[in-house]
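**Student:** Mind having a look at this structure? Questions to follow.
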Amino acid sequence: MKKLGFGLMRLPRLDAGDRSSVDIETLCRMADEFIENGFTYFDTAWMYCGFNSERAVKTALVERYPRDAFVLATKFHAAFAKESADVDRIFNEQLEKTGAGYFDRYLLHDLSLENYEKCEEFGAFETLLKRRDAGEIKRLGCSFHDTPEVLERVLTEHPELEFVQLQINYLDWESPAIRARECYEVATRHGVPVIVMEPVKGGTLAKMPESVEREMRSLHPDWSTASWAIRFAASLENVEIVLSGMSSLEQMRDNISFMKDFTPLSDGEVSLLLRAADELRKNPFIPCTGCAYCVDGCPQNIAIPKYFSLYNEEKRNGGDGGWSNQREYYDNLTRHYGAAGDCIGCEQCQNICPQHIRIVGKLKEIADYFGK
Ligand code: SF4
Ligand code: SF4
């Protein structure tokens, strides 16, 4: 199987302000081009695109291709379960939403210590193993957002997990918060193959400081900045698939151009990226990947990832508090969404954030900055 997977979390939209308004026509063209080029792996989840990604899969993929023409992965997130019966209920709804008949890969989604313990409490492993025995799941795994120590515990207690999905990119590789390299090494020690998510860190690594981009261009003038990030993840030996959350045909074509016949990075190219990561870490930075898990439950309808992205951009551009594009965008957004300063500190968003961002404090910082 080719190493590039189509992440279905940031699909093209008909209405930019509505995550669930998937542009099915564009998605069909993307799926066609992906498959025509020999790629087969599609990754969705229960709540992607405002709970609409799995339905989009049915229309764009399941109803248009033979079932064995693609590999479909989806996930169970413990945050949406209140009792054990919900594991089966959600699985049945996913079968109905996708019309797929079975899932090639099924993941316990976003395992942190808290979600892991909830999965244990609800008997999720046992329930899903029964589904696997019944042929409704071909391979069972998990996606993971916690420390290497917790991953060690999960893989030791559940040797039945056949793969693990990790956040790996060159910025997080040596990050003391994410510890991507150590997590990768735990999985490798357990003989468990890795699927990579967030290789471009929600678009953060698609644009680097000019000095870094100059160095990248001098080595490979025709490589996009984002492609360096995907190549980094795909170059790791124990990586089976690198997911890219593609939102447009252009992004897909760029990815296909180098992933069709992939060549791993050289040691020199990898060290350039690790130096670039050091450079980036010097800037003030909120490590938000734009997954939007935090948005649905916010009682104040605050556009958390949009504000984080604007604030990061502002800081990267050396914003001094005066007028800027970012400030303009921020003001526009607050006409439709709650402003950063409307946060009531209920912490609902923090409990679900896979990046463990202290969202309440960051929103206060943003309110102080943009609210002036
Ligand atoms: S803490 Fe603030 S941003 Fe988070 S869910 Fe509550 S109101 Fe929304
Ligand atoms: S704040 Fe956390 S949950 Fe919200 S979009 Fe960013 S990474 Fe995702």
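**Student:** Kindly provide the set of residues from the range 201-224 that are under 18 Å from the mean Cα position of the chain (by Cα) and within 15 Å of VAL270 (Cα to Cα), ordered by number.
**Tutor:** Of everything in the range 201-224, just one residue is under 18 Å from the mean Cα position of the chain (by Cα) and within 15 Å of VAL270 (Cα to Cα), namely LEU205.
**Student:** Let me ask you something else. Could you list, in sequence order, all residues of the range 299-311 that are open to solvent by less than 30 Å² (accessible area, probe 1.4 Å), within 12 Å of ligand 1 (Cβ to nearest atom) and of a type outside the set (Val, Ile, Thr)?
**Tutor:** Narrowing the range 299-311 to residues open to solvent by less than 30 Å² (accessible area, probe 1.4 Å): 302-305, 307-308, 310-311.
If we keep only those that are within 12 Å of ligand 1 (Cβ to nearest atom) too, we end up with 302-305, 307-308.
Within the range 299-311, ALA303, PRO305, TYR307, PHE308 meet the criteria.
**Student:** Look through SER257, SER235, SER224 and report the one residue that is hydroxyl-bearing (Ser, Thr, Tyr) and closer than 28 Å to HIS109 by Cβ. Even if it seems obvious, please write down each step before you answer.
**Tutor:** Values: SER257 fails: closer than 28 Å to HIS109 by Cβ; SER224 fails: closer than 28 Å to HIS109 by Cβ.
Within the list SER257, SER235, SER224, the selection yields SER235.
**Student:** Collect the residues in the range 337-347 that are over 15 Å from ASN312 (Cα atoms) and crowded, with 16+ Cβ neighbours inside 10 Å, keeping them in residue-number order.
**Tutor:** Listed by number, the residues that qualify are TYR337, GLY338, ALA339, CYS343.
**Student:** Just checking, which of ASP331, ASP296 is open to solvent by 60 Å² or more (accessible area, probe 1.4 Å), on the phi < 0 side of the Ramachandran plot, within 16 Å of ligand 2 (Cβ to nearest atom) and out of contact with any Asp or Glu (no Cβ under 9 Å at 6 or more places or on another chain)?
**Tutor:** Unique residue meeting the criteria: ASP296.
**Student:** Within the range 345-372, track down each residue that is near ligand 1 (Cβ under 7 Å from one of its atoms) and either basic (Lys, Arg) or assigned to a helix (DSSP H, G or I) (or both). Working first, answer last.
**Tutor:** Looking only at the range 345-372, we keep the residues that are near ligand 1 (Cβ under 7 Å from one of its atoms), and these are 345-350, 359-360, 363.
GLN348, CYS349, GLN350, ILE359, VAL360, LEU363 - these are the residues of the range 345-372 that are near ligand 1 (Cβ under 7 Å from one of its atoms) and either basic (Lys, Arg) or assigned to a helix (DSSP H, G or I) (or both).
Yes or no, residue by residue, for (1) open to solvent by 30 Å² or more (accessible area, probe 1.4 Å); (2) more than 24 Å from ALA303 (Cβ to Cβ):
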residue: LYS3; (1), (2): yes, yes
residue: LEU27; (1), (2): no, no
residue: PHE51; (1), (2): yes, no
residue: PRO66; (1), (2): yes, yes
residue: HIS77; (1), (2): no, no
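**Student:** Does at least one position in the range 160-167 carry a residue that is in contact (Cβ under 8 Å) with a residue 60 or more places away in the chain, surrounded by fewer than 24 Cβ atoms within 10 Å (Cβ to Cβ) and of a type in the set (A, V, I, L, M, F, W, C)?
**Tutor:** Checking the range 160-167: at least one residue is in contact (Cβ under 8 Å) with a residue 60 or more places away in the chain, surrounded by fewer than 24 Cβ atoms within 10 Å (Cβ to Cβ) and of a type in the set (A, V, I, L, M, F, W, C).
**Student:** Here is a further query. On the given criteria, is GLU314 more than 12 Å from ligand 2 (Cβ to nearest atom) and open to solvent by less than 40 Å² (accessible area, probe 1.4 Å)?
**Tutor:** Here the answer is yes, as GLU314 does meet what is asked.
**Student:** Among the candidates PHE76, PHE42, PHE91, which residue alone is over 19 Å from GLU198 (Cα atoms) and touching a residue at least 24 places away in the same chain (Cβ under 8 Å)?
**Tutor:** Working: PHE76 fails: over 19 Å from GLU198 (Cα atoms); PHE42 fails: over 19 Å from GLU198 (Cα atoms).
Going through PHE76, PHE42, PHE91 in turn, just one is over 19 Å from GLU198 (Cα atoms) and touching a residue at least 24 places away in the same chain (Cβ under 8 Å): PHE91.
**Student:** Only residues that are free of Cβ contacts under 8 Å to residues at least 12 places away in the same chain and either surrounded by 13 or more Cβ atoms within 10 Å (Cβ to Cβ) or in contact with a His (Cβ under 9 Å, 6 or more places away or on another chain) (or both): list them for the range 217-256, please.
**Tutor:** HIS220
**Student:** Next question, about the same structure. Based on what the data block shows, is PRO305 near ligand 2 (Cβ under 8 Å from one of its atoms) and touching a Cys at 6+ places or on another chain (Cβ under 8 Å)? First the steps, then the outcome.
**Tutor:** Numbers: near ligand 2 (Cβ under 8 Å from one of its atoms): yes; touching a Cys at 6+ places or on another chain (Cβ under 8 Å): yes.
For PRO305, the condition - near ligand 2 (Cβ under 8 Å from one of its atoms) and touching a Cys at 6+ places or on another chain (Cβ under 8 Å) - is met.
**Student:** Taking helices (runs of 4 or more DSSP H) that fall entirely within the range 30-144, which contain at least 2 residues that are modelled with pLDDT of 95 or more? So that I can check it myself, show each step before the final result.
**Tutor:** Working: elements: 48-51, 53-57, 85-98, 113-121, 124-133.
Result: 53-57, 85-98, 113-121, 124-133.
**Student:** Could I ask something else about it? Restricting to the range 91-105, give me the number of residues that are farther than 16 Å from ALA69 by Cβ and among the acidic types (Asp, Glu).
**Tutor:** 2
**Student:** Would you confirm whether or not the range 287-294 contains a residue that is more than 16 Å from ligand 1 (Cβ to nearest atom), of a type outside the set (D, E, K, R) and touching a residue at least 60 places away in the same chain (Cβ under 8 Å)? Steps first, answer last, please.
**Tutor:** To start, the set of residues in the range 287-294 that are more than 16 Å from ligand 1 (Cβ to nearest atom) comprises 287, 289.
Right, trim to of a type outside the set (D, E, K, R) and you get 287, 289.
Within this subset, residues satisfying the condition of being touching a residue at least 60 places away in the same chain (Cβ under 8 Å) are 287, 289.
Yes, the range 287-294 contains a residue that is more than 16 Å from ligand 1 (Cβ to nearest atom), of a type outside the set (D, E, K, R) and touching a residue at least 60 places away in the same chain (Cβ under 8 Å).
**Student:** Being out of contact with any Lys or Arg (no Cβ under 8 Å at 6 or more places or on another chain), on the phi > 0 side of the Ramachandran plot and open to solvent by 30 Å² or more (accessible area, probe 1.4 Å): is that true of ARG179 here? Give the derivation first.
**Tutor:** Numbers: out of contact with any Lys or Arg (no Cβ under 8 Å at 6 or more places or on another chain): yes; on the phi > 0 side of the Ramachandran plot: yes; open to solvent by 30 Å² or more (accessible area, probe 1.4 Å): yes.
Yes, satisfied.
**Student:** Across the range 273-287, which residue is nearest to ligand 2 (Cβ to nearest atom) among those that are open to solvent by 30 Å² or more (accessible area, probe 1.4 Å) and in a loop (DSSP other than H, G, I, E, B)?
**Tutor:** Going through the qualifying residues, I end up with PRO287.
**Student:** Further question on the same structure: Only residues in the range 312-339 that are part of a strand (DSSP E or B) count as the first member; pair them with residues that are within 16 Å of ligand 1 (Cβ to nearest atom) and open to solvent by less than 60 Å² (accessible area, probe 1.4 Å), Cβ under 9 angstrom, at least 6 apart or cross-chain, and list the lot.
**Tutor:** Here the result reads GLY338/CYS298; GLY338/ILE302; GLY338/ALA303, each pair linking the range 312-339 to a residue that is within 16 Å of ligand 1 (Cβ to nearest atom) and open to solvent by less than 60 Å² (accessible area, probe 1.4 Å).
The values are calculated or read from the model by the stated rules, or taken from the named source; none is laboratory data. Everything numeric in this text was worked out from a predicted model, so none of it was measured. Note: ideal-geometry Cβ built from the backbone for every residue, glycine included; neighbour counts use all protein chains shown. SASA here: full protein model, heavy atoms, side chains in, ligands and nucleic acids out. Shrake-Rupley method; radii C 1.70, N 1.55, O 1.52, S 1.80 Å.
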